[in-house]
Number of protein chains: 2
Amino acid sequence: MISHYKLTVQYKGTKYSGWQIQVGTNEATIQGELNRALSVVAKTEDVRSMGSGRTDSGVHALGQVVKISIPLVIPTENLVKAINVNLPDDIRVIHAETSHEEFHPTVDATSKEYHYRFTSRRGFTAFQNELIVNHPFDLDLEKMRAACKILIGEHDFTNFFCEGTEVSSYVRTIFSCDIMEIPQGDWEMLPPHFVFRIVGNGFLKQMVRLLMGAVWNVGRGKISLEEFQSALGPTKVQRLGPVAPPNGLYMVRVNY
Amino acid sequence: MISHYKLTVQYKGTKYSGWQIQVGTNEATIQGELNRALSVVAKTEDVRSMGSGRTDSGVHALGQVVKISIPLVIPTENLVKAINVNLPDDIRVIHAETSHEEFHPTVDATSKEYHYRFTSRRGFTAFQNELIVNHPFDLDLEKMRAACKILIGEHDFTNFFCEGTEVSSYVRTIFSCDIMEIPQGDWEMLPPHFVFRIVGNGFLKQMVRLLMGAVWNVGRGKISLEEFQSALGPTKVQRLGPVAPPNGLYMVRVNY
């Protein structure tokens, strides 16, 4: 009999080629490592896992939600321990609960939260690169926060997705978006920095990183708030900024 | 003409076999990377560097002090930029000043500060392992702080050094020692943790890691404060605890 569980998984994406198993390659992926651990725990290759979203190579997660289906009945607390013993230390299951067979981690999600961590210093620290991206430019935070406000609501994100990943609709709703300042405090080994925080009902491929890149360019004065606003529609315009690098991005929470 | 400079260097030790160049091996070291960068900047192999102390494989530094001697006169601000461009991103020069020829970064040091970062949770997060060690035991912080107080003053550290590294004296003075609590705050990707902080006039090889191991065992109730105190003398006793792993240790500051 197959049992279904809903896992919350945390990972540091640095060493992995993203969430999704890459068939026919030797590249390590989070799902590949998880399935391997599940096979050990369930003592069979007959294991399945489904993530709430594919994170790209180098992207991190604090709360990826994964439905797993394995032929094993086990208390969830023991399941967490058994899986973690078999995972590398940069992938951790932090919670497990039993799940209905019908639960679908992607389709059933009502909202997702992403964070993008960056500094704007000329130099960077020796400890930050895998966790916090350095964007070494003078940034007008007030303008960037105005851009965040513009993002809230329902928009067509035709200008903010990775070409080649066509979907049926580019319309998504952003519930919340802002920029937080994280002081260094006693975290001497890592720098004070900013978090671009965005919550929405769904995100297209590379959408958060493209939005971050555009918001950076608003902050640098390379594009105006008007240009930013008018790109939020179905008409294709020239790209507003870079795809921000993956190492600053965190999938933080998925709500159902 | 040879110029001398005093550099302050920060590094994440994870990928390196310690500070010191290993002659006859291919292992990457901080000094090896630094010398390579200096050779590019000074356009000659005739470069020398001397650190204030050798950090072991995997140990980090926030403020290693390094005297360099190169046949190049250059403003210190430009020197910092030129070296950093040629270093990997997990090694950063954060400050440079001109130095007398007589300056000796080891002998002239009046005190050094080390930090050891650890958590005591049953589980650990996916992001901490390279920066914060997990020591998954119930710890009595009050007792550990009492042990820190006992450490302050002049002691013979015969029981707290790595065998095979005999020196002329095992007596060192500890000026300050305590345990700080670092709250998570907005640093969601890393856990709240403790910092064992120690300042002294000098440290024997692996002394801080052996002290950390003993203080952990005080916290676990495996050794009493009396046993801890009586090990601080010239008489060899049984080892009081493990050598704490290198990944939690940071060389923070060197004072002259």
Checklist entry - How large is ³J(HN,Hα), in whole Hz, for each residue of the stretch B:55-67 in order, when computed from phi with the Karplus curve 6.51 cos²θ - 1.76 cosθ + 1.60 and θ = phi - 60°, using x for Gly and Pro? => result 8, 6, 3, x, 7, 9, 9, 9, x, 5, 9, 10, 8
Next on the checklist: Out of the GluC sites (Glu not before Pro) in the stretch B:88-184, which ones are loop residues according to DSSP with at most 12 other C-beta atoms within 10 Å?
Outcome noted: B:101, B:102, B:163, B:166
Next on the checklist: With a cap of 14 neighbouring Cβ atoms within 10 Å, and only residues DSSP puts in a loop, list the chymotrypsin sites (Phe, Trp or Tyr not before Pro) found in the stretch B:125-172.
Outcome noted: B:137
Next on the checklist: Quick one: 3J(HN,Hα) in Hz for the stretch B:205-218, Karplus 6.51/-1.76/1.60 with θ = phi - 60°, rounded, Gly and Pro as x.
Outcome noted: 4, 6, 4, 5, 5, 6, 5, 4, x, 5, 5, 4, 5, 4
Checklist outcome for this item: Which residues qualify? For residue A:158, with a placed amide H closer than 5 Å and at least 5 residues away or on another chain, they are A:233
Item to check | No Cys partner within the rule (Cβ under 4.7 Å), chain A | outcome: A:162
Checklist outcome for this item: Which of A:149/A:205; A:81/B:149; A:222/B:81; A:15/B:67 exceed 30 Å between C-alpha atoms? The answer is A:81/B:149; A:15/B:67
Next on the checklist: Suppose R0 equals 60 Å. What FRET efficiency, 1/(1 + (r/R0)^6) with r the Cβ-Cβ distance, do residue B:85 and residue B:226 give to the nearest 0.05?
Outcome noted: 0.65
Item to check | Translational diffusion coefficient (Stokes-Einstein; Kirkwood radius from C-alpha pairs) of the protein assembly as shown at 25 °C, 0.890 mPa s, in µm²/s | outcome: 96
Item to check | Nearest-first distances (nm) between copies at residue B:106, label 7 Å from Cα via Cβ | outcome: 5.9
Item to check | Low-density loop cleavage sites - chymotrypsin sites (Phe, Trp or Tyr not before Pro) in the stretch A:2-83, where at most 16 other Cβ are within 10 Å (DSSP) | outcome: none
Next on the checklist: Per-residue counts of other Cβ atoms within 10 Å, averaged by peptide: what ranking do you get for A:211-219, A:187-195, highest first?
Outcome noted: A:211-219, A:187-195
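Quick note: the coordinates plus some simple rules give every number you see, no bench work behind them. Fair warning: this is a prediction, and the values are worked out from it, not measured in the lab. Note that each Cβ is placed from the backbone with ideal geometry, even for glycine, and that neighbours are counted across all protein chains shown.
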